[in-house]
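The values are calculated or read from the model by the stated rules, or taken from the named source; none is laboratory data. Because the structure is a prediction, the values reported are computed rather than measured. Note that each Cβ is placed from the backbone with ideal geometry, even for glycine, and that neighbours are counted across all protein chains shown. Note: accessible area is taken over every heavy atom of the protein model, side chains too, but ligands, DNA and RNA are not part of it. Shrake-Rupley method; radii C 1.70, N 1.55, O 1.52, S 1.80 Å.
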Amino acid sequence: MNRHAVLTGVHAGILLGVTGVVAWLTGTPFVFPSLGPTAYVLVSERPLAPERLRRIVAGHGIGVAAGLLAYHLLASGVVVTADLAPRSPALAAVVASGVLALVLTSTGMLAFDAVHPPACATTLIVALGLLPTVREGFLIVAAVLVLIAGHVVALRLVLPAAARLRRSEA
C-alpha cells in the first residue's frame with residue numbers, strides 16, 4: 001500500500017470524524033451515508049477551487065430540497081425502513097418519492113451546474129423518510145459545510161505544517 005492511499009484514507013476519516021464529534025456532542029444527524037462519498041471526493045481531488053466547493057454544497061442543497069418536496073408530496077409519514085407490506089400503497093408512495101427526488105435532483109444539479117453525485121444519495125436519504133424534516137435538511141447542509149471547512153483547514157494549516165516537519169527531520 002502506498003503512502004498516498006494511507007494519507008487519503010486518514011484525511012477522509014478525520015473529516016468524517018469532525019462531523020461525528022458534532023453528532024455525538026449535539027445528538028443531531030451530522031453523519032449520514034452521503035457524507036462519506038463527499039469526504040472521499042474532497043480528499044481525492046486536491047484543488048480547492050471555490051467553484052468545486054460550491055458544486056458540492058449546491059448539489060447537496062438541491063438533493064435536500066428535491067427530497068423534501070418529493071417526500072412531503074408523496075410519502076409523508078412513511079419510512080422505507082418500516083415493515084411495509086409488499087405491493088402496499090405506503091411502499092409504493094415511498095418508492096415513488098425516491099424516484100421523483102432522484103429525477104428532480106439530477107435535473108436540478110445539471111440545470112444549476114452543481115453536479116455532485118453523492119447528492120443523489122442525500123436526496124434518497126430525505127425522500128425515503130430517513131431524514132425527512134426541514135430541520136434535518138438544514139443539518140445535512142450544515143454537516144456538508146463543516147466537512148468542507150475541515151478540509152480547507154487541513155489543506156491550509158495541518159498538511160503544510162506536516163510537510164514542514166518532514167522537511168526539517170530530513
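Tabulated data for the structure shown
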quantity: Conditions (1) among the small types (G, A, S); (2) in contact with a Gly (Cβ under 9 Å, 6 or more places away or on another chain); (3) surrounded by fewer than 17 Cβ atoms within 10 Å (Cβ to Cβ): number failed by A85; calculated: (2)
quantity: Sole residue being more than 30 Å from G150 (Cα to Cα) and of a type in the set (A, V, I, L, M, F, W, C), chosen from A92, A66; calculated: A92
quantity: Evaluation of V78 against (1) hydrophobic (A, V, I, L, M, F, W, C); (2) open to solvent by less than 30 Å² (accessible area, probe 1.4 Å); (3) not in a loop (DSSP other than H, G, I, E, B) (one fails), failing number; calculated: (3)
quantity: V21, sole failed condition from (1) open to solvent by 20 Å² or more (accessible area, probe 1.4 Å); (2) in contact (Cβ under 8 Å) with a residue 40 or more places away in the chain; (3) in a helix (DSSP H, G or I); calculated: (2)
quantity: Enumeration of residues in segment 29-65 that are surrounded by 15 or more Cβ atoms within 10 Å (Cβ to Cβ) and farther than 24 Å from T107 by Cβ; calculated: P29, F30, V31, G36, A39, Y40, L42, V43
quantity: Cβ pairs under 6 Å, 6+ apart, first in segment 86-99 and more than 21 Å from A65 (Cα to Cα) and in contact (Cβ under 8 Å) with a residue 40 or more places away in the chain, second in a helix (DSSP H, G or I) and of a type in the set (S, T, N, Q); calculated: none
quantity: Tally of residues being aliphatic (A, V, I, L, M) and open to solvent by less than 40 Å² (accessible area, probe 1.4 Å) across segment 5-18; calculated: 2
quantity: Checklist (1) under 15 Å from the mean Cα position of the chain (by Cα); (2) under 21 Å from V141 (Cβ atoms) applied to G13, failing item; calculated: (2)
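A quick yes/no check of all residues on (1) open to solvent by 30 Å² or more (accessible area, probe 1.4 Å); (2) within 19 Å of P37 (Cα to Cα):
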residue: G108; (1), (2): no, no
residue: H116; (1), (2): no, yes
residue: V126; (1), (2): no, yes
residue: G129; (1), (2): no, no
residue: V134; (1), (2): yes, no
residue: V141; (1), (2): yes, yes
residue: V144; (1), (2): no, yes
residue: H151; (1), (2): no, yes
residue: L157; (1), (2): yes, no
